[in-house]
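The values are calculated or read from the model by the stated rules, or taken from the named source; none is laboratory data. Keep in mind that what you see is a predicted model, and the values were worked out from it rather than measured. Here the Cβ is made from the backbone with ideal geometry for all residues, glycine too, and neighbour counts use every protein chain on show.
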Amino acid sequence: MDAPLFDQWRARSPFYDESHEAVCDTVRKFVAREITPHVDAWEAAGELPRELHRKAAEAGVLALNYPEEFGGTGSAFNLLHGLVQTEELARPGAGGICASLMTHGIGLPPILAMGSEHMKRRIAPAVLAGEKLICLGITEPGGGSDVANLKTKAERKGASYVVNGAKTLITSGVRADYITLAVRTGGPGIGGISLLLVELDSPGVSRTPLAKMGWHASDTATIHFDNVEVPAENLIGPENGGFAGIMRNFNGERLGMSQQAAAFARICFEDALDWARSRETFGQPLIRNQVIRHKLADMLRRINATQAWIDQSAWAVLNDKAFPGDFALLKVQATQTMEVCAREACQILGGASFVRGSRIERIYREVRVMAIGGGSEEIMFDLASRQYRF
Ligand SMILES: Cc1cc2nc3c(=O)[nH]c(=O)nc-3n(C[C@H](O)[C@H](O)[C@H](O)COP(=O)(O)OP(=O)(O)OC[C@H]3O[C@@H](n4cnc5c(N)ncnc54)[C@H](O)[C@@H]3O)c2cc1C
């Protein structure tokens, strides 16, 4: 097998054609030129340079599949092109870079789906041009899984809301200019939650950076809101009607994370295969051992099954046949595939996998955030069981 494995699966899929290969080509060149050489420096710095966002915008990466009227690429591309882009961005094996460069993928959609025309025009073009950064604030220090119970409060006072509370584990939270913030405007439960656009240089906002196990290049923060005044026109969608927007957002995020997890699993497979072919133990290449070939075949089995389900799910979205329970189960499938592949790749690389700086070593440290962030495994199973009604 001489062709790079990264490229083989699309050629045998009914869902992809030359237009997807063109996206692959553009993004791959961008990543090789602007990201790969800097991974170690950005991991050490704990954040990405703002300049990268502008360069990504120029390369067409930030605006792929967003409405043309706000600077997006429009209807020439769709979700499947987005999946190709996600995979290419994952190739350096640094999930924190994908997470922070593409945080607008979770921060912006609620505005485009539910915000006023004025808000869309004010926020979206600047974000898609890489000039402004937007993040999403759902998780709180008191808990992230139980979204319906969130406590950050926004009280209406005249023409403003006054926000008090805190959000934590917020991706791009140190650098972002805006946050799409889930707040309680009404009574308990899902019927009392709204979404508010908050400018993060507002008086009363403070941020604490968080050091993490992985995703080092991604700045992550706890953000405190102390009597922060937000104009009432910054409400995204109806008051107390924010929960539906949060849920819709989760489905897209889970599909994207699934593709990312599958890409990381594929990297683990590729690097482990390369190593097994070149490493000699007991006088022969490692790959000559049946147990090693079985490990690799098992990794590939899981990756192929996961990718097939991802592609089929994207097709279902495009054809209005998606079922929300599937996104939850798919996320578990993909992140468990990543987990097994990261483990087996480390075993095949042996001690070399434990040395800082390789793709495998980084991916191994990123398994947990993929399995917990955007909805943990336990919560995904539970959600799916309710959506499947059992
Ligand atoms: C690096 C990183 C980046 C993140 N970025 C963002 C972001 O940008 N915006 C944002 O809003 N959030 C973000 N998150 C937060 C993430 O979405 C939450 O961590 C996740 O939803 C889980 O919430 P929690 O950590 O508060 O865990 P908890 O809700 O406290 O749960 C703890 C554990 O208990 C389990 N559990 C909880 N309830 C049950 C139950 N009923 N039954 C069985 N098990 C249960 C959970 O599965 C979890 O494993 C990020 C997290 C990380 C690690």
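Observations on the model:
- Of the residues making up the stretch 24-37, at least one is closer than 22 Å to C135 by Cβ, hydrophobic (A, V, I, L, M, F, W, C) and buried (at least 20 other Cβ atoms within 10 Å of the Cβ).
To keep it simple, each residue is scored yes or no on (1) within 17 Å of T103 (Cα to Cα); (2) touching a Pro at 6+ places or on another chain (Cβ under 6 Å); (3) of a type in the set (F, W, Y).
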site: S172; (1), (2), (3): yes, no, no
site: V198; (1), (2), (3): yes, no, no
site: K212; (1), (2), (3): no, no, no
site: T220; (1), (2), (3): yes, no, no
site: N234; (1), (2), (3): no, no, no
site: F243; (1), (2), (3): no, no, yes
site: G256; (1), (2), (3): yes, no, no
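- Selected residue (criterion: surrounded by the most Cβ atoms within 10 Å (Cβ to Cβ)) from residues of the stretch 191-205 that are within 16 Å of the ligand (Cβ to nearest atom) and over 12 Å from F225 (Cβ atoms): L195
- Among residues of the stretch 373-390 that are closer than 23 Å to I170 by Cα, those with a beta-carbon under 6 Å from a residue that is part of a loop (DSSP other than H, G, I, E, B) at least six positions away or on a different chain give the pairs I379/S145.
- Filter result (in a strand (DSSP E or B) and free of Cβ contacts under 8 Å to residues at least 60 places away in the same chain) within the stretch 180-197: L181, V183, R184, I193, S194, L196
- Output for the stretch 147-164, where each listed residue is among the small types (G, A, S) and over 18 Å from F243 (Cα atoms): G158, A159, S160
- Residue match in the stretch 76-99 (condition: touching a strand residue (DSSP E or B) at 6+ places or on another chain (Cβ under 6 Å) and not in a loop (DSSP other than H, G, I, E, B)): yes
- Residue within the stretch 252-274 that is of a type in the set (S, T, N, Q), touching a strand residue (DSSP E or B) at 6+ places or on another chain (Cβ under 9 Å) and either crowded, with 18+ Cβ neighbours inside 10 Å or modelled with pLDDT of 95 or more (or both) present: no
- Restricting A328, A334 to residues that are within 25 Å of the chain's Cα centre (by Cα), closer than 26 Å to R254 by Cα, buried (at least 22 other Cβ atoms within 10 Å of the Cβ) and within 15 Å of the ligand (Cβ to nearest atom) narrows the list to A328.
- Note on the stretch 131-158: among residues that are basic (K, R) and assigned to a loop (DSSP other than H, G, I, E, B), the one that is nearest to the ligand (Cβ to nearest atom) is K151.
- With respect to the conditions (1) over 19 Å from L210 (Cβ atoms); (2) within 12 Å of the ligand (Cβ to nearest atom); (3) surrounded by fewer than 19 Cβ atoms within 10 Å (Cβ to Cβ), S116 lacks only one, and its number is (2).
- Any chance G187 is within 30 Å of A45 (Cβ to Cβ) and small (G, A, S): no
- Within the stretch 60-87, the set of residues being among the charged types (D, E, K, R) and in contact (Cβ under 8 Å) with a residue 40 or more places away in the chain comprises just one member, E87.
- The stretch 218-247, residues that are assigned to a helix (DSSP H, G or I) and within 15 Å of the ligand (Cβ to nearest atom): G242, F243, G245, I246, M247
- The stretch 147-164, residues that are crowded, with 22+ Cβ neighbours inside 10 Å and either more than 25 Å from the chain's Cα centre (by Cα) or assigned by TED's automatic domain parsing to the domain that holds G373 (or both): A154, Y161, V163
- Number of the exception - R248 against (1) surrounded by 19 or more Cβ atoms within 10 Å (Cβ to Cβ); (2) among the charged types (D, E, K, R); (3) within 17 Å of L79 (Cβ to Cβ): (1)
- For the stretch 364-382, filtering for residues that are crowded, with 20+ Cβ neighbours inside 10 Å, outside any loop (DSSP other than H, G, I, E, B) and near the ligand (Cβ under 6 Å from one of its atoms) leaves 1.
- Evaluated against (1) away from the ligand (no atom under 15 Å from the Cβ); (2) closer than 22 Å to R50 by Cβ; (3) in a strand (DSSP E or B), T208 falls short on exactly one condition, (1).
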